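A short write-up of the structure that comes next.
Only the coordinates and a few stated rules stand behind these numbers; no lab work does. Because the structure is a prediction, the values reported are computed rather than measured. Please note: Cβ atoms are built from the backbone with ideal geometry, for glycine as well, and neighbour counts cover all protein chains shown.
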Amino acid sequence: MAYDPNNIFAKILRGEIPCNKVFEDQHVLAFHDIRPQAPTHILVIPKGPYVSHADFAETARPEEIVAFTRAVGLIAQQAGVEDTGYRLVANHGPDSHQEVPHYHVHILGGRPLGPMLVRVD
Ligand code: AMP
């Protein structure tokens, strides 16, 4: 799947629409999810044009991957959910219900999150 430069996170990265930022460095931006599903619901995105985790893992430079992975842990720590616990979610493709085709990791926490998946069938 080709990267769509008009996706909403690309627009946030270009400053065309605002976000509630919690972290930024050379490779990474993180902001609060606009429709939070837990008291802590932060989205962490690489600044490069990657569609999904698979795309990021295959094509990003090693320093981007290291920066992103470390940022996720640091942001969770700064959000205060390190001790109580949190869940990382990265949706990929239609079955996962991925809405935004720019790679992102959800950090979810701040309350007991229950079982990992709810059955829908
Ligand atoms: P996913 O389904 O994994 O692609 O998740 C996309 C997430 O982006 C959803 O949780 C949305 O609530 C969130 N989202 C969409 N637009 C915005 C926005 N403008 N600012 C912050 N979060 C957003």
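Observations on the structure shown:
- Estimated inter-spin distance, Gln77 and His97, nm [label 7 Å along Cα→Cβ]: 3.2
- Exposed GluC sites (Glu not before Pro) absent - longest run of the chain, DSSP non-H/G/I/E/B, at most 12 other C-beta within 10 Å: 17-98
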